[in-house]
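Just below is one structure, and these are the notes that go with it.
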Amino acid sequence: MSEALIVGATGLIGRAVIDAFGDRAVTIVARRPVEGLAPHHAERIAPPESWPDIIAAEKPAVLICCLGTTIRQAGSQAAFRAVDHDLILAAARGARLGGTAQMIAVSSVGASAKAGNFYLRTKGETEDGLRALGFERLDLIRPGLLLGARPGPPRLGEGLATIAAPLADALLHGSFRRYRSIQGAAVAAAIVALAGQRGPGVHIHENDAIRALAD
C-alpha cells in the first residue's frame, strides 16, 4: 500500500506537493514522466483511461489530486470538463475500489454546482461527485489565484493577474479574503499537512485555513 498517490503531478501544485513530501516516498501516476523525480518516489506512466485500475491496484492510503487545466489550454469546454470533472472522478473511483480512506483534491475558490460561470460550476459538480463516493475523509482545497513558476508556456491572463495581485489582495477584506492570491508552495505544504489526518467527513479549506496549515 502506498502512503500517498498523486495525480496531476506535472503542474504547479503537483510538483510543489512532491517537493513538500521531502524524503517521504510517494507514488505518481501520470501520462508522461515527471522531470527530476527523486529515486525514492515511484512513477506509473500510463494513459489516463488506465489510471483508475492502476490506482486501485496501488491501494494508496491517501489520493492527492492536483489535476486541473483551463478552457484555453484544453481547447473547449467539453475537453476542460473531461479533465477537471471526468478524469478526477475516475481516479477517485479507482481509489475507492482500492480501499483508500482519504482524498485531498485541489478545487477553486467559488466552486459551486449552482454557479453561473462554467469553470466554477464544473469545479462544484466535481466536488459534489467526490462527496458522493463516500471517502472516510475528503479534503477540498479551494485556493485563490495561484502564484508560482508554472511549467510550460506562460499564460497571458494569469501573468497579468499575478502582476495585479498585490493591489487586488490589499482591497480584499472580510469574507473576500478567500479570493486573495496564494503561493503554490503554501498550498502544497497544506496538502502534505493534511495527508493522513484523522477526523471523518468533508473538510473545505480556503486561503486562511490553507495558510494556517502550511505554517
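The values are calculated or read from the model by the stated rules, or taken from the named source; none is laboratory data. Values in this document were obtained by computation on a predicted structure and should not be read as measured data. Note: ideal-geometry Cβ built from the backbone for every residue, glycine included; neighbour counts use all protein chains shown. All accessible areas refer to the heavy atoms of the entire protein, side chains included, with ligands and DNA or RNA removed. Shrake-Rupley method; radii C 1.70, N 1.55, O 1.52, S 1.80 Å.
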Next on the checklist: Once neighbouring chains are kept in place and the probe is 1.4 Å, which whole percent of the accessible area of the chain is contributed by carbon and sulfur?
Outcome noted: 57
Next on the checklist: Residues of region 52-94 with backbone nitrogen within less than 15 Å of a virtual label 7 Å along the Cα-to-Cβ line of ALA113, please, listed as ranges.
Outcome noted: 85-86, 89
Next on the checklist: I'd like the FRET efficiency for ASP215 and ARG131, computed as 1/(1 + (r/R0)^6) with the beta carbon distance as r and R0 of 35 Å, rounded to 0.05.
Outcome noted: 0.80
Checklist entry - In the chain, with Lys and Arg counted as +1 and Asp and Glu as -1 at Cβ, which of these residues, ALA61, SER108, GLY199, has the Cα nearest the positive end of the dipole, that is, farthest along it? => result SER108
Checklist entry - Hey, got the Cα dimensions of region 1-104 along the principal axes, in Å, largest first? => result 38, 30, 21
Checklist outcome for this item: Under a Gaussian network model of the chain whose springs join Cα atoms within less than 10 Å, the largest fluctuation of LEU145, LEU130, LEU97 belongs to LEU97
Next on the checklist: Rounded, prolate or oblate for region 33-154? Axes are the square roots of the Cα gyration tensor eigenvalues, ordered a ≥ b ≥ c, and the cut-off for rounded is a/c under 1.5.
Outcome noted: oblate
Checklist outcome for this item: Dividing the alpha-carbon radius of gyration of the chain by 2.2 N^0.38 Å, where N counts its residues, gives 0.96
Item to check | Normalised contact order of the chain, rounded percent, pairs of Cα under 8 Å and 6 or more residues apart | outcome: 21
Checklist entry - Taking the mean number of other Cβ atoms within 10 Å as a proxy for protection, how do you rank 58-69, 177-188, 197-208, 78-89 from highest to lowest? => result 58-69, 177-188, 78-89, 197-208
Item to check | All-pairs alpha carbon distance profile, region 25-78, 10 Å steps from 0, percent | outcome: 19, 47, 27, 6
Next on the checklist: Cut-off 10 angstrom, C-alpha nodes, Gaussian network model of the chain. Which of SER50, SER108, SER76 fluctuates the most?
Outcome noted: SER76
Next on the checklist: Tell me the angle of helix 184-194 to the major Cα principal axis of the chain, expressed in degrees between 0 and 90 and rounded to the nearest ten.
Outcome noted: 50
Checklist outcome for this item: In degrees rounded to 10, the 0-90 angle between helix 88-97 Cα long axis and the longest Cα principal axis of the chain is 30
Item to check | Most mobile of ALA91, ALA20, ALA46 in a GNM of the chain (Cα contacts under 10 Å) | outcome: ALA46
Next on the checklist: Please give the charge dipole size of the chain, origin at the Cα centre, charges +1 on K and R Cβ atoms and -1 on D and E Cβ atoms. Round to the nearest 20 debye.
Outcome noted: 380
Item to check | Tilt relative to the chain, helix 156-171 - C-alpha long axis, 0 to 90 degrees, to 10 | outcome: 60
Item to check | Accessible area per residue, Å², the chain with all protein chains present, probe 1.4 Å | outcome: 48
